[in-house]
Amino acid sequence: MTLRPAISVEGQTEYEFCREVLRGHLEAFSIHVEPKIAVTKRNLRGPNAIGGAIGIDRFRNEVRRLLPSFDFVTTLYDFYGFKDREPNEAPDALCHRMSLSLDAPHRLIPYVQVYEFEALLFSAPSVLARYLAKEAIGTAIEAAVAGCGGAEQVNDSPQTAPSKRLSALFHDHLNQRYDKTFHGPLLALEIGLPAIRAACPRFHGWLSRLEGLGSKNVRRP
């Protein structure tokens, strides 16, 4: 039997990543994931507005909407942009608080990516350098990762967050704009899940937990 978890995401980039990268991988574990972009505003006379920053209230609204229709609900939100972070709150503490805000339903797996989706793209500097045909980009990303202690540790600030660094590198070395929705999933596909998991232990733990849902679902004689 195939499980159907929903992944609540905050934007089109994460949606495409789940659809193009995660879905095929998890199908091997009898898990068919359905990414769902969080609703910003519901409109009675037209399509709903979607995407944008997530906070506790929007998270609760999304999970309450999704839980009745799916076997599990998980999230893929940026820790960097989470609106209701408390001072010095750690990612795991935020996930725990998210769960408690809904009385910790057992079918909910809250997850925030440290510090944001683009951290996953810092997992293989040489791949990006080769794919973009710019060695300087790979060198800069490798230096950033080394200086911070890991891809998922690249700085949490308006100037040095992974997406800000990529935007600057694309501008300076490629003379083009980093298009988060287009380039993000494309580069993740090029890097591949094995390299991402090896460099991003938090992401690896989340994906492993999702894989485990499939093994628990196997019927035994």
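Tabulated data for the structure shown
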{"read-out": "Residue count, segment 146-156 (criterion: closer than 18 Å to residue 91 by Cβ and over 18 Å from the mean Cα position of the chain (by Cα))", "value": "2"}
{"read-out": "Residues of segment 200-221 classified as at pLDDT 95 or above and among the charged types (D, E, K, R), total", "value": "3"}
{"read-out": "Flag if residue 197 is crowded, with 16+ Cβ neighbours inside 10 Å and within 23 Å of residue 93 (Cα to Cα)", "value": "yes"}
{"read-out": "Residues being among the charged types (D, E, K, R) and at pLDDT 95 or above - total across segment 149-163", "value": "1"}
{"read-out": "Residue among 188, 119 that alone is buried (at least 16 other Cβ atoms within 10 Å of the Cβ), closer than 27 Å to residue 83 by Cα and touching a Pro at 6+ places or on another chain (Cβ under 6 Å)", "value": "119"}
{"read-out": "Answer from 197, 209, 165, 202 - the residue that is under 20 Å from residue 16 (Cβ atoms) and among the basic types (Lys, Arg)", "value": "197"}
{"read-out": "Residues located in segment 94-143, provided they are of a type in the set (Phe, Trp, Tyr) and closer than 22 Å to residue 58 by Cβ", "value": "111, 115, 117"}
{"read-out": "Qualifying position, being in contact with a helix residue (DSSP H, G or I) (Cβ under 6 Å, 6 or more places away or on another chain) and either in a helix (DSSP H, G or I) or over 30 Å from residue 3 (Cβ atoms) (or both), among 168, 198, 188", "value": "188"}
{"read-out": "Strands (runs of 3 or more DSSP E) enclosed by segment 4-43 - at least 1 residues per element that are at pLDDT 95 or above", "value": "5-9, 34-37"}
{"read-out": "Test: residue in segment 185-204 that is within 20 Å of residue 78 (Cα to Cα) and of a type in the set (Asp, Glu)", "value": "no"}
{"read-out": "Filtered residues of segment 169-184 (kept if over 22 Å from residue 52 (Cα atoms) and surrounded by 12 or more Cβ atoms within 10 Å (Cβ to Cβ))", "value": "169, 170, 171, 172, 173, 174"}
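The values are calculated or read from the model by the stated rules, or taken from the named source; none is laboratory data. A quick note: this is a predicted structure, and the numbers were derived from the prediction, not measured. With ideal geometry, Cβ positions are generated from the backbone for all residues, glycine too; neighbour counts draw on all protein chains shown.
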